[in-house]
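S.K.: Handing you this structure, nothing more for now.
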Amino acid sequence: MIDNKLDIAQIRKDFPILKRKVNGNSLIYFDNAATSQTPKQVIDTIVDYYSNYNANIHRGVHALAQEATEAYEGARIKIQHFFNAAKKHEIIFTSGTTHSINLVANGFTAFIKKGDEVLVSAMEHHSNIVPWQMLCERTGASLRVIPMSKEGELSMASYRDMLSNNTKLVVCNHVSNALGTINPIGELIELAHKVGAAVLIDGAQSSPHIKVDVQQLDVDFYTASAHKLCGPTGIGMLYGKEEWLAKLPPYQGGGEMIAEVTFEKATYADLPYKFEAGTPNICGGIAFGAALDYLNSIGLETIEEYEHELLTYATAKLQTIEGVKIYGTAAHKTAVISFNIQGIHPYDMGTLLDKMGIAVRTGHHCAQPVMDYYKIPGTIRASFSFYNTLEEINQFITAVKKAKQMLS
Ligand code: 7TS
């Protein structure tokens, strides 16, 4: 039993929120794909920052400014190592995946023209669709969709056919938030590079669950959001290959991102600061680093293995309930189960589960094209993390059965 290897009971003690009651019941938190919970090691880091060394960074000579700068830049190195980037200046602090994607999409305005194509997968979150639509509107380029199967797997044959010398960019999530599919991004990247296209991988849903090595993947851009990695909201990262980041124009102008400014002209700072205008989320960055320390202390491989056990167990149990249809049955999945029950609106199921202390997400999950593909308004989504247990899944299954009875 992997439970023993992980000592879940001990791990759960690190998460104060898991002790709380919701509607009189012990909280069962199965909305980890929306945001993960925060261990006390990360909360303590935040308290420590504001209690002991809150200061603006990169500019002060005083002790607090130096300590804050050191901690913030130290966090950048932790992120670099977590994703195995070759250089620390290939890590740009952003407010999260949405910001990271917009930064790249905006910068690509300089490199894209009418007749060029941006390929996007059929299972993207809106934040990996809309910025590219905006880029195409600005430039006259076309956005083309790589189709998927009923199981929620990308059609690699169609993808091969779509690739051409017109393809300038391929964008895809590593893991779909609506379906849990783990996409074959290694192959996707290799094929894109053969036609000279750059690749951005949205790592919002993969980074908390799968060990990622950006050098091995040879990916051009990779994104992550700290709040899905046991860190705080409002902070995330963009990994970009140095050669791309050097070419890309800055996203925002302001302090910190310049080398020299006159009223006639500004010259830009070196990487990574060229992309980090203004006072950043200093505490968030430091806490992001602490969150990665925490995940490393457990080990991504261990997390992946345990969460897979949760997925297999919950999927089998859920399938025993009559009328359940699971959306996203790809061979490779993270611990996300999107489902509906015949005759029951997902919102009603979500509301009743909440009454029983169980947090799931219901709706389109910011992936309306996926819902349109299945011709459904939304799903009930249970998404697990390493601090969840088989016992919680048992309680969840009992609750789903109970709610189904009440709603039928
Ligand atoms: N990409 C994917 C695949 C996501 O799942 C999300 C957030 C984002 C991008 C955006 O990340 P952000 O941190 O910039 O907001 N996904 C979800 C979700 O599934 N439920 O709530 C947020």
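The values are calculated or read from the model by the stated rules, or taken from the named source; none is laboratory data. Keep in mind the model is a prediction, meaning the values are calculated, not measured. Backbone-built Cβ (ideal geometry, glycine too); neighbour counts: all protein chains shown. Each accessible area value is taken on the protein alone, full model and side chains, heavy atoms only, with ligands, DNA and RNA left out. Shrake-Rupley method; radii C 1.70, N 1.55, O 1.52, S 1.80 Å.
S.K.: What number do you get for the chain when its Cα radius of gyration is normalised by 2.2 N^0.38 Å, N = residues? Spell out each step's value before the answer.
M.R.: On the way: Rg = 21.9 Å, N = 408, 2.2 N^0.38 = 21.6 Å.
That ratio works out to 1.01.
S.K.: Looking at segment 232-311, which trypsin sites (Lys or Arg not before Pro) are DSSP coil and have at most 12 other C-beta atoms within 10 Å of their C-beta? Mind showing how you got there, number by number?
M.R.: On the way: sites: LYS241, LYS247, LYS265, LYS274; in loops: LYS241, LYS265.
When the trypsin sites (Lys or Arg not before Pro) of segment 232-311 are filtered for loop state and at most 12 Cβ neighbours within 10 Å, LYS265 remain.
S.K.: Still on this structure, I have one more. Just need the Rg to Rh number for segment 91-206, please, alpha carbons only, Kirkwood Rh.
M.R.: Values: Rg = 13.2 Å, Rh = 14.2 Å.
Ratio of gyration radius to Kirkwood radius for segment 91-206: 0.94.
S.K.: Same structure, new question: Taking 41 Å as R0, compute the FRET efficiency from the Cβ-Cβ separation of ASP7 and SER155 and round it to 0.05. Don't skip to the end; give the middle numbers.
M.R.: Numbers: r = 42 Å, r/R0 = 1.02.
My answer for the efficiency is 0.45.
S.K.: Which of the GluC sites (Glu not before Pro) found in segment 273-379 are loop residues per DSSP with 11 or fewer other Cβ atoms within 10 Å of their Cβ?
M.R.: Values: sites: GLU276, GLU301, GLU304, GLU305, GLU307, GLU309, GLU322; in loops: GLU276, GLU322.
Those that pass, being in a loop and sparsely packed, are GLU322.
S.K.: Something else: I'd like to check one number: the per residue accessible area of segment 43-297, probe 1.4 Å, reported in Å² as a whole number.
M.R.: Working: 10100 Å² over 255 residues.
About 40 Å² of surface per residue is accessible.
S.K.: Moving to a separate point now. Set the Förster distance to 60 Å, then compute FRET efficiency between ASN23 and LYS211 from the Cβ-Cβ distance, nearest 0.05. Provide the component values of the computation, followed by the final result.
M.R.: On the way: r = 37 Å, r/R0 = 0.62.
Efficiency for this residue pair is about 0.95.
S.K.: If you don't mind, there's one more thing I want to ask. Starting from segment 76-160, pick out the trypsin sites (Lys or Arg not before Pro) whose DSSP state is loop and whose Cβ has at most 16 other Cβ atoms within 10 Å.
M.R.: On the way: sites: ARG76, LYS78, LYS87, LYS88, LYS113, LYS114, ARG138, ARG144, LYS150, ARG160; in loops: LYS87, LYS113, LYS114, LYS150.
Loop-located and lightly packed - LYS87, LYS113, LYS114, LYS150.
S.K.: Kindly sort MET162, MET134, MET237 by accessible area of their heavy atoms, largest first, with the probe set to 1.4 Å. Mind dumping the intermediate values first?
M.R.: Working: MET162 20, MET134 90, MET237 0 Å².
Greatest to least solvent exposure: MET134, MET162, MET237.
S.K.: Under a crude label model (7 Å from the Cα following the beta-carbon direction), how far is ASP270 from GLU70 in nanometres?
M.R.: The two pseudo-label positions are separated by 2.1 nm.
S.K.: In addition: Contour minus end-to-end for ILE321 and GLU309, with contour as 0.36 nm per residue of separation and end-to-end as the Cα-Cα distance? Intermediate results must be reported in sequence, preceding the final value.
M.R.: Working: separation 12, 0.36 × 12 = 4.32 nm, distance 1.94 nm.
Using 0.36 nm per residue and subtracting the Cα-Cα distance, I get 2.4 nm.
S.K.: Using 29 Å as the Cα-Cα cut-off, could you pick out the over-long pairs in LYS168/LYS274; LYS113/LYS375; LYS113/LYS228; LYS40/LYS78?
M.R.: Among LYS168/LYS274; LYS113/LYS375; LYS113/LYS228; LYS40/LYS78, the Cα-Cα distance tops 29 Å for LYS113/LYS375; LYS113/LYS228.
S.K.: Leaving out ligands, DNA and RNA, what percent of the accessible area of the chain is carbon and sulfur, probe 1.4 Å? Let's see the in-between values first.
M.R.: Working: 8830 of 17060 Å².
Carbon-and-sulfur percentage of accessible area, whole number: 52.
S.K.: With label points built 7 Å along Cα→Cβ from the Cα atoms of VAL145 and LYS375, find their separation and express it in nm.
M.R.: Computed distance between label sites VAL145 and LYS375 equals 1.5 nm.
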